1. Report, by residue number, each residue of the range 139-156 that is hydrophobic (A, V, I, L, M, F, W, C) and touching a Phe, Trp or Tyr at 6+ places or on another chain (Cβ under 6 Å).
2. Regarding the range 64-80, can at least one residue be identified that is of a type in the set (A, V, I, L, M, F, W, C), without any contact (Cβ under 8 Å) to a residue 24 or more places away in the chain and either surrounded by 13 or more Cβ atoms within 10 Å (Cβ to Cβ) or in a loop (DSSP other than H, G, I, E, B) (or both)?
3. Within the range 31-54, how many residues are among the aromatic types (F, W, Y), farther than 20 Å from V207 by Cα and surrounded by fewer than 17 Cβ atoms within 10 Å (Cβ to Cβ)?
4. For the range 107-137, give me each residue that is β-branched (V, I, T), in contact with a helix residue (DSSP H, G or I) (Cβ under 8 Å, 6 or more places away or on another chain) and assigned to a loop (DSSP other than H, G, I, E, B).
5. Quick one: would you say T72 is hydroxyl-bearing (S, T, Y), over 39 Å from the mean Cα position of the chain (by Cα), within 21 Å of E138 (Cα to Cα) and at pLDDT 90 or above?
6. Which condition number does G168 fail, the rest of (1) among the small types (G, A, S); (2) touching a residue at least 40 places away in the same chain (Cβ under 8 Å); (3) exposed (fewer than 13 other Cβ atoms within 10 Å of the Cβ) being met?
7. Among the numbered criteria (1) assigned to a loop (DSSP other than H, G, I, E, B); (2) loosely packed, with under 14 Cβ neighbours inside 10 Å; (3) in contact (Cβ under 8 Å) with a residue 24 or more places away in the chain, which one does G93 miss?
8. When you scan the range 47-63, do you find a residue that is over 30 Å from K153 (Cβ atoms) and either in a helix (DSSP H, G or I) or touching a residue at least 12 places away in the same chain (Cβ under 8 Å) (or both), even just one?
Amino acid sequence: MIFRVFVMINPNQMKIPQKGIPKMDIIFAILLLIATLSTAFCVYQATRWNGIQAVDFGDASKYRTESVRASTAANTLVIIDVQLFTSWVDAVGKGDLREAEFLQERFREEFKPAFEVWIAKANTTNPIPPGTPFELPEYTLAKYTESASLEEKATAAFNEGKDANTNGDLYISNTVLFAIVLFFCGIYTRWDSIRIRTGILAITLVVFSFALYSLISLLLKVGYI
């Protein structure tokens, strides 16, 4: 009897329903993949920019140290020029032209142009003109120029370091956003309700869109793309 029942059933009518992958699961899978890759990329970029920041701050410190060294050397040269000039003025004031000539021959090359412009104002009644050569624009020291140039490099390197630090922080912020996306992608299966899953998907898409927009904006800012 049982055999007859099975025979009466048409095998073509025994179709096993095939359950496909829900579209929502596919969307979450895609978001999970992109968020995972983006998180790894942001972590890499944050680490990279932190390294650049360290290098830039190191360069800034090096340039500033060299600038101080050059400035100190320039101050030493100024002291030498002042001492020789003061001794020359004393010699001229005493009428000791031999000592004055001796001292003048030992003026440094950087001091001579300013001294010559200054002494040109002298006359027979006033062998020592008013003022000093140090007030004239002709008095320039290469060490001061070098110090100023190094200080500019130090400032530029420091600013680049700050920019690198900002970029690293922004990448970390994007990492947090993508981590939120990963969180939602991991918990949505805990609810069977379609409404709850749809709500989680909507929130996930909003966070994901903002994170992706922020990442692309940052890449354009730093010239990566």
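1. L150, A154, listed by residue number.
2. No, the range 64-80 contains no residue that is of a type in the set (A, V, I, L, M, F, W, C), without any contact (Cβ under 8 Å) to a residue 24 or more places away in the chain and either surrounded by 13 or more Cβ atoms within 10 Å (Cβ to Cβ) or in a loop (DSSP other than H, G, I, E, B) (or both).
3. 1
4. Matches in the range 107-137: I128, T132.
5. Taking the combined requirement at face value, the residue does not satisfy it.
6. (3)
7. The single condition G93 does not satisfy is (1).
8. no
The values are calculated or read from the model by the stated rules, or taken from the named source; none is laboratory data. Treat the numbers as computed from the prediction; the structure is a model and nothing was measured. All Cβ positions, glycine included, derive from the backbone under ideal geometry; neighbour counts span all protein chains shown.
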